Structures are given as structure tokens and as C-alpha cells.
Amino acid sequence: MEQGPTTRQRRLAAELRRLREAAGLTIDQAASALGWPHSKLSKIETARQIPKIPDVEAILEAYGGTNEAIKLALLKLAREVRQRGWWAPYGDVLAGSYAELEFAADRIRMWQPQLIPGLLQTEDYARTIIAGGIPDQPAEVDRRLQVRMTRRVMLSKQNPPQLEFILAEEVLRRPIGGREVMREQLGALLVASSRPNVRIRVVPIAVGHYPSIGTGPLVLFEFDEGTVMNLDVAYQETMSGGMYIEDIAQVRACSVLYGRIADVALSEAESAALIRTTMKEI
């Protein structure tokens, strides 16, 4: 699992690189102006080295012309860049950047064509999924289950994020853990959907072909527009692992794709009705 830089560090690195390019400086020219070796600036810009506060101040001074609000935001990022949350001891289970984004985002929108999302999973459903990946390791299954259940606290924490889930109907009909486990899981979806900050919609099988068919899950972590810098991040699961997308244009493209999927999804009320029907049919 990911043990690398936090999302704050990657964002700080990207913004410092953008400011250098906006100043019309090559990395060699910028390093020379700062009196640093090329390797130091390169590592900072690629999130392989955490810059100290004086380093960031020196960079901002060397590049010049930086908006005061941007300066303050970057210095705040630099101070917070080492912060890690409750998930830090579980780096082998849960990617730190993903957990950080999940905890900090104002809105999370998720498309899931394969499984019930982790934030909505019941204990028995989650245990079945986890045990399938690491058979004959009950202690490790319990540990990973604890992490997943801790993530669910987000649903009821103070000032929770707005959560929107779009599921393929196939997810509802796949009896993970058996029929009783799946009925309980579907009931939990209905309970979650009654929360004011949670929306659950379903793309019915009857739609046939839909946008993004054949690809994996998509998650959009979004932050309030009042943020000085655009911090929105998209996350896609692939066969080789998860991929974070932070380029503004690419995140926007992912948002457009999500919107196209949403266009063919049932309404919340229709989705709840389909979940109830599925519970009876399983």
C-alpha cells in the first residue's frame, strides 16, 4: 500500500512547480537563483522531499509576483504537509492519501460498478470481501475490518461531507456473503440513504450500455470553491492499482464523465424502490 507523500505535499509540489513555470524559469535557472543544487529543487517539485518553511518562503521570493492569498495558502500547506491522521498506523491497509482525501473533502462523489462502497459496507459484507483477499489469516482480516468500520464513522461525524454514490444494479444483485448477508447490506443502504448528507442512486441493468462501461470505479474528492487553490482530486482504480488525478483539466473530464453516468441513473426515490425490490428477490 501507499506509504508516500500526503496529498498536501503533492499539491504543494505541484503549485511550486507551476509558479516556477509561470515565472519563465527552468529548474536549473531557479535552483541557481536560490543557490541550491538542482537535485534539491527537483525533489521538492516531485514530492520526494518535504520543503521547510524557509525553503518555501525563499522560493516565493525568488519567483516574485505571487498573489498574497496564494502565498498564504502555500505557507499553510507547507506547515500542514507532515500531518497524518488516524490512518497513519494502517499504511499497509489503507493508502494514506486516499484516507486523507476521504477525511478532508467537502464532497465525495463515487461511481461503483462492482461492489458496495467501503463507506456503506456492513461488517459481514466487508468481512467477506476482505477474507476473500487474504484467506486463512483471521487476525489480519479482523484488523482490516476494524479499519474499514472506522472509516464509516464519517457518515455520522460532525460536519460530515456530502456523499453521493452511484451504483450499477449488478452490485445490488451480487450476493456477496450469501443471501442473508446481502439482504442486510441492502437494508443498510436504505438506512444510509435516509441521512441528509447521503445520496444513493442506481444505474439499472435495463439501461444497457452506459458511459464508462468496462472501466473500474471512479471517486471525486471535491473541496469548497472558497479554497484559494483548486484541491479537487479524482481517483480511479485500475488493474495495476489506484491512480490519483490532480490536473485540473483531467479532474474536470472525470467530473463530466461522472455527470454522464448520473444522467442515466435512477432518481433517489426510484433507486430506493429498486433496492427494496431486490431485497425481496434475493
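Can you tell me how many residues within region 107-126 are in contact with an Asp or Glu (Cβ under 6 Å, 6 or more places away or on another chain) and either surrounded by fewer than 17 Cβ atoms within 10 Å (Cβ to Cβ) or free of Cβ contacts under 8 Å to residues at least 24 places away in the same chain (or both)?
Of all residues in region 107-126, those in contact with an Asp or Glu (Cβ under 6 Å, 6 or more places away or on another chain) come to 107, 109, 122.
With the extra rule that they be either surrounded by fewer than 17 Cβ atoms within 10 Å (Cβ to Cβ) or free of Cβ contacts under 8 Å to residues at least 24 places away in the same chain (or both), the set shrinks to 107.
Selection size over region 107-126: 1.
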Point to revise | Qualifying positions in region 7-65 - assigned to a loop (DSSP other than H, G, I, E, B), in contact with a Pro (Cβ under 9 Å, 6 or more places away or on another chain) and buried (at least 17 other Cβ atoms within 10 Å of the Cβ) | key: Ala47, Ile50
Point to revise | Residue that is farthest from Val207 (Cα to Cα), among those in region 114-156 that are in contact with a Phe, Trp or Tyr (Cβ under 9 Å, 6 or more places away or on another chain) and not hydrophobic (A, V, I, L, M, F, W, C) | key: Arg143
Check your understanding: On the given criteria, is Gly216 touching a residue at least 60 places away in the same chain (Cβ under 8 Å), surrounded by fewer than 17 Cβ atoms within 10 Å (Cβ to Cβ) and within 26 Å of Ala234 (Cα to Cα)?
Key -> yes
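Identify the residue in region 94-103 that is out of contact with any strand residue (DSSP E or B) (no Cβ under 8 Å at 6 or more places or on another chain) and modelled with pLDDT of 55 or more and, among all such residues, is surrounded by the most Cβ atoms within 10 Å (Cβ to Cβ).
Among residues in region 94-103 that are out of contact with any strand residue (DSSP E or B) (no Cβ under 8 Å at 6 or more places or on another chain) and modelled with pLDDT of 55 or more, the one surrounded by the most Cβ atoms within 10 Å (Cβ to Cβ) is Ala99.
The values are calculated or read from the model by the stated rules, or taken from the named source; none is laboratory data. The shown structure was predicted, so the numbers you read here are calculated from the model rather than taken from an experiment. Positions of Cβ are backbone-derived with ideal geometry, glycine not excepted, and every protein chain shown enters the neighbour counts.
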